[in-house]
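Asker: Structure below; questions to follow.
The values are calculated or read from the model by the stated rules, or taken from the named source; none is laboratory data. What you see is a predicted model; the values in this text were computed from it and never measured. For neighbour counting, all protein chains shown are included, and Cβ atoms are generated from backbone atoms with ideal geometry for every residue, glycine included.
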């Protein structure tokens, strides 16, 4: 693969991901809202079962996605497991708002881990994520990536980018927590995933542009 095509891979991957994400996002948000309001009349106002049922929609969506692709999507698998595991304690107690809050904990935790990794690790977590992405996309050889990772601009940029992602996910957690505690639950189920997706796509676009420019400067 030429250096020109290598530079284009991050942006191409982002565009394909955005196009593939739209149907899933529409299914998840519409499905969660619909299931919540269908279950709501059958339980008390303090029951968490309507939210519990609604939160299973993304898990079902991920199962379909993995089945259709016939391959394991690591990110999707993590999301699926986190959703399923969060249902176990939720089924035994807690309010609807507490259940919504629990679902955003993973985002906040990842954000904190990203920031901490820039302080305690020689290479922050995002370094390994980008390396795996470039290797999986076959846009750079292992030797080329080693050359890229040795440049001062890349090392400085990857740490800055890791902190930025950590702050973004932390802000996302705070925003979702505020919505879960103070806004209409049906509204939160429909709007929160959309807001999160917009934030992640904007951050992904910034990351792809930076990565493309870093590759262009090196090769």
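Asker: Name the single residue that is nearest to residue 110 (Cα to Cα) among those in the range 175-194 being without any contact (Cβ under 8 Å) to a residue 60 or more places away in the chain and loosely packed, with under 14 Cβ neighbours inside 10 Å.
Answerer: Within the range 175-194, the match that is nearest to residue 110 (Cα to Cα) is 178.
Asker: Turning to a different aspect of this structure: What are the pairs, 6+ residues apart or on separate chains, where a residue within the range 33-56 that is more than 18 Å from residue 193 (Cβ to Cβ) has its Cβ under 8 Å from a residue that is at pLDDT 75 or above and in a loop (DSSP other than H, G, I, E, B)?
Answerer: 49/43
Asker: So which residues in the range 103-124 are surrounded by fewer than 18 Cβ atoms within 10 Å (Cβ to Cβ) and more than 13 Å from residue 171 (Cα to Cα)?
Answerer: Passing the criteria: 113, 116, 119, 120, 121, 122, 123.
Asker: Related question: So residue 162 ticks every box in (1) more than 19 Å from residue 201 (Cα to Cα); (2) without any contact (Cβ under 8 Å) to a residue 60 or more places away in the chain but one. Which box is left unticked?
Answerer: (1)
Asker: Of all residues in the range 180-215, which are over 18 Å from the mean Cα position of the chain (by Cα) and more than 16 Å from residue 130 (Cα to Cα)?
Answerer: Taking the range 180-215 as the starting set, the residues that turn out to be over 18 Å from the mean Cα position of the chain (by Cα) are 180-187, 209-215.
Matches in the range 180-215: 180, 181, 182, 183, 184, 185, 186, 187.
Asker: Tell me which residues, restricted to the range 143-174, are surrounded by fewer than 21 Cβ atoms within 10 Å (Cβ to Cβ) and over 17 Å from residue 212 (Cα atoms).
Answerer: Correct list: 143, 163, 164, 167, 168, 170, 171, 174.
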